[in-house]
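The values are calculated or read from the model by the stated rules, or taken from the named source; none is laboratory data. The structure presented is a predicted model; accordingly, all values stated were derived computationally and were not measured. Cβ sites come from the backbone with ideal geometry, for glycine too, and all protein chains shown count toward neighbours. These area figures cover heavy atoms from the full protein model, side chains too; ligands, DNA and RNA do not enter into them. Shrake-Rupley method; radii C 1.70, N 1.55, O 1.52, S 1.80 Å.
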Amino acid sequence: SFLCVSPQVILVQVNPGEAFTIRREDGQFQCITGPAQVPMMSPNGSVPPIYVPPGYISQIIEENGVRRVLVLPQQPEFHPGGHSPLHHPPPPPHAHLPAFIPHPAMMPPPPHLYPGMAGGVGDMSSQYISQYHPAHIYSEQDSHSQHGRPPFVHRDDRTSKTYERLQKKLKERHGGGGGGQVKESPPLSPHKTCSSPPTADIHNGVGGKGLEVEQELLSHAVAGPDKQAGRGKNGESGELDEEARALQALLSTITKPVVSDVQAKVVVVSWSAPSRPESDGSSVQDSCSPPETFGYEVSVSLSGKDGKYNVMYCGDEISATLEDLRPATEYHIRVQAMCNCLQGSPSEAVSFTTLSCEPDPPNAPRKASGTKNTLVLQWKAPCDNGSKIQNYILQWDEGKGTGIYEQCYYGLQKQYRVTKLSPASRYSFRLAAKNDMGVSEFSEVVDLFTSCSVPLPPFPPELEKAGVTWLCLKWQRPTSSPKEDDIFYILEMEEEGSGYGFQPSYDGDELSCTVRNLHRSTKYKFRVAAYNSEGKSNPSQLVEFITIPDRPSSPCRPVIRGRVLPNSFKMAWEPPKDNGGAEVTKYVVELSEGLSGLSWELVYSGPAMEHVCEGLKPGCSYQTRVYCMSEGGQSPVSHSASAHVHTQSHTWALCFTTGIQRDAHIVSLYNIEYTYPSVYESREVYQGPELDCSVGGLMPGKTYSFRLKAANKAGFGPLSERCEVTTGPGAPEQCRAPSTTCKSPSCVVVTWEAPACNGAPVTEFRLEWGAAEGSMQVCYSGPGLSHEMKGLLPATNYFCRAQAVNVAGVGPFSEAMLCQTPCSVPAAVSNVYALKESELQRYETPVDADADEDEEEEEEEEESSPRPPPLYSPSTCLGICWDPPCDHGSEITSYLIDLGERQPIAIGPVSQHIIQHLQPDTSYRIRIQALNSLGAGPFSHTFKLKTKPLPPQPPRLECTAFSHQTLRLKWGDGPAKAATSDALQYQLQMEDKSGRFISLYKGPCHTHKVQRLNESTSYMFRIQAFNEAGEGPFSNVYTFTTPRSPPAPVKAPKVERLEDNSCEVTWEALPPMKGDPITYTLQCMMGNSEFKQAYKGSSTSFHVQNMQPNSDYRFRVCAIRQCQDAPELSGPYSPTMTLSPQRNDTAAVGGGGAAGSGSRASAESGRARRSLTDEQCAFLLLMVFAVIAILIAFVIQYFVIK
């Protein structure tokens, strides 16, 4: 029976007279006879099923919570149809599960107890593993039984041999006439298992026809659902089960495969289809017709005959070619037949060994070291494929790069030095291995470079462009350096008159640099030096560049000097307070009529600082303003000043004079009229007695015709002939507002039309352009009618106006035209900075707007648990920030960070970012690109950043010395004291009473002494290492405990002689220590012998007796702490007190009283002598030497000097 003792152990009860057979781990069978209890392992605690032997049935009985199975002789009524009751039990439902059964030869007729399950034998799980590996033993009928089925061959050789021995014993029993024993004690047969056999309907010992199957074989297939349902309930289902078993038995008769044509990586395997032996009975052949086709699985094992097999072929052919095998490797191969979802037992395994072949292609050689003219290459041996590698073949292209390779090494070594190479040159190498079977394929080609020499001094830098506070310089790469050499440059600058000398202003691999934050109109000296891995070159020749001056500030507001005349006034102004670093070359005065200030006319341009404005209209108001110009540009205009001119009105006009001869007595009046060419009507311009007149209001460059007639008393005479007069040319008319066309965000085409020329052809057009309407400058001057403006900023407003010029003068400007350039991609990021480590720790990860809404809801739910900020390690992270570039009219939507070999990182519209998951102690080349809705802008300049090394790990903490108040701790491998310049330093912390760790030590030393501790107390410590890479993690918490403190030393005891042979010793008492009582130990020494214990107890005095009168006695005391939960602790001994023997003085007074006083005096004197400490002795010696020195000095002063 089974007793469920625990969820893991089940006891198998073997009754007296019974036997229990198991298989041990070594494969041998062991027979355990009763009475005994065999422990079996059960992972889930349930009871495994037990299968009854032939001729018996099982009946489940539950008594007191223990399930038992009664095995009773089978009655004939349980087997209808006249079948023999000797049927084989079904095997376990899983091939790896043990079944328990008593040995058949020792099974007596009375009922036996077998374990069972409440649900029957078909409810077993697949997790039962026996601790003793019991043998799977089932009965088997004779091969000449009524079914006529031969025994099947099992796949296990050991089981097959056991089966043969059992068959031999069975035949011997049949030969001895013991035929009646077959039913009572059937012979043994090897156990056949199946992964998923049909579950027989067995309840309380009643079994159907499914139990008539003689033996089950190993199989990995599962029967179909039509053969699993309702078995054992009717005859039809029983016939289907028997047919499936017969088919499975047929599949298990497959023979072992045949291996042929064995190559290094290919082998051909063939086999024959399973066939039924001729000795089979006809009844089974009739009921089970052979199938049409079989399927086969070929499995191969690399780990021996009983190792794990992997399927390499599955199909219906009787031969297969297995490829991709390992050369020179032993394989075991077997074949398994399949049909109708059933699998037979695998065939017997056949072993074979593949042939050897040439080695595998080796890995490419690597560069171990190198110089300018040599390369040292190393490589690893590839798989030799069963034949030892004899030589390696190293080939190279000699640095030509043509793809043609020559052999440079042939031998067995795994490294080679290539010499006589050129500096900074590329060489390609490949490697092959050779053994007895041939030469392997060549490895991948690897390109290696030799080191470079120190570069030559570069040419001096050149000025590309100058600004007010910056200078853009460029230089050239040294001509002697090859392209493969990584050359870096250092630009040094010296400011004239600073006294600091040359200071580096740039260090990188670019060929240009913009030096910023300079002073205006200042001279700077520059030089550049190149360096590579081999060293630094000499600097280039010095060059000097000067920053351009800034534009001056506006002059002071002009003032009126003197009296304002009817047609003129005088004005003056002061120079600007800031000339921008350059002298003012001229001043420009503009005049505006009226107080509106809409139109301004140029009235003066020159270096003077005063001007007289003439030709003004009387009775009008005027405004004046001044601006100056220098090499740095034009200054802003000053504040305007107003002046009011008061005069009598008179007219300015053009004069046309004509002389007419007249008789003063006859002619009394003249009349002049003129005609405009385009107008045929005449107009009277003068009538009077004068002989000349002035005609005003004429247009320049036009032809007019005049006629004169005279009048007297009789009337007007006839008109004279026409006189045509052409006026002089004038300045051109005002141009129309120009038109603009945007070709690109940075280019605009401006066109205009020619105005009326006023008698002289237009020779020049002037176009002014500016970002503000009041500060436009001439950008074009020429005869053309269009101009292309380049280098403009996108999404920017610009103003422009045109003006025509001829020989007569300059025409007025046209109206200002507004032009807006279209939006464009963002500009390049100009300034990029690296975040400091402190800023890296305070950095907060930006969150998108969509994520903010989701997080707001989560924060409302979890307000009490805020998220800790993420920690960024400078060893694996790089923090960068940059100045946002100009968006050019379209908002920047994202940035792209390029790291070279890694995938670019896309981030949102932020100005800083933490790059994570980087390699420690590695340099990265970083570029940043801005993007908006119109596209991606240009990349920024490449800059280098390097991650720090990983922080150090904490060392192991040890306690090397301890006392009740101190602990000496040690960590790491190094001297106790170290210099402060050591790169690796440590921080030691101790936990205080509130549970927080406080810092005890921070420095490079490897030891530290912790003082002022309490006795018998546990202290917790942790340690951390840090260097320039950062702070490493804290170690695990170490706990060290201080011991208990011993008692304090006792003062010297007092000794009082009582009699000649006795005395009393007393000493001071010590208070208890934290509740622990104090006891004392008194030791006594007579003469020069050893100290012996005279007393031990809690008293502070002791009476010493039986003393010898003529001997010296010495006494000392120590205190002992009686610990409650630890051994007692002894303190130091007190100073020794000596008791001298009593002297026999003849003049003794008072007898015994005198003796007692003498002994006390001796004791006191001895105590006084013993109480002198080492410090006191040293002080006495020092005083003696001081006195002697003073005496010697006095003697020398008195006798020698005087």
Carbon plus sulfur, as percent of the 1.4 Å-probe accessible area of segment 901-1045, comes to 48
Using a 1.4 Å probe on the protein heavy atoms only, what accessible surface does Tyr604 show? Give it in Å² to the nearest 10.
40
Segment 987-1085 accessible area per residue, 1.4 Å probe, protein heavy atoms, integer Å², reads 52
Counting only backbone N atoms under 16 Å from a point 7 Å out along Cα-to-Cβ of Glu815, the residues of segment 715-753 in range are 734-740, 752-753
Going from most exposed to least, what order do Lys308, Lys702, Lys743 have by accessible area with a 1.4 Å probe?
Lys308, Lys743, Lys702
Segments 335-346, 1045-1056, 901-912 sorted - mean Cβ within 10 Å per residue, highest first:
335-346, 1045-1056, 901-912
How large is the accessible surface of Lys523 in square angstrom, using a 1.4 angstrom probe and rounding to the nearest 10?
70
Charge sum, other residues only, whose C-beta stays under 11 Å from Asn932's C-beta, Lys/Arg counted +1 and Asp/Glu -1:
-2
Accessible-area order (highest first, 1.4 angstrom probe) of the listed residues Asp436, Asp973:
Asp973, Asp436
Once amide H atoms are built 1.01 Å from N in the peptide plane, which residues 5 or more positions from Thr893, or in another chain, come under 5 Å H to H?
Leu931, Asn932, Ser933
Please give the per residue accessible area of segment 317-369, computed with a probe of 1.4 Å over protein heavy atoms only, in Å².
47
For Asp261, the accessible surface traced by a 1.4 Å probe with all protein chains present amounts, in square angstrom to the nearest 10, to 90
Once phi is turned into θ = phi - 60°, what whole-Hz ³J(HN,Hα) does the Karplus curve with 6.51, -1.76 and 1.60 give for every residue of segment 385-397, x standing for Gly and Pro?
6, x, 10, 4, 6, 9, 8, 10, 10, 10, 10, 8, 9
Can you pull the percent of segment 707-791's accessible area that's carbon plus sulfur, 1.4 Å probe, other chains left in place?
50
What number comes out for the charge environment of Ala530, summing +1 per Lys or Arg and -1 per Asp or Glu over other residues with Cβ under 13 Å away?
-4
Placing each pseudo-label 7 Å from Cα in the direction of the beta carbon, Ala19 and Glu958 end up separated by a distance in nanometres of 6.3
Diffing segment 1000-1009: the Karplus 3J(HN,Hα) column from phi (6.51, -1.76, 1.60, θ = phi - 60°), in whole Hz with x for Gly and Pro, holds 9, 8, 8, x, x, 5, 10, 9, 7, 9
Quick one: order His519, His1006, His1103, His787 from most to least accessible surface, probe 1.4 Å.
His519, His1103, His787, His1006
Per residue solvent-accessible surface (Å²) - segment 371-417, probe of 1.4 Å:
59
Other residues with Cβ under 14 Å from the Cβ of Phe442 give, with Lys and Arg +1 and Asp and Glu -1, a net charge of -4
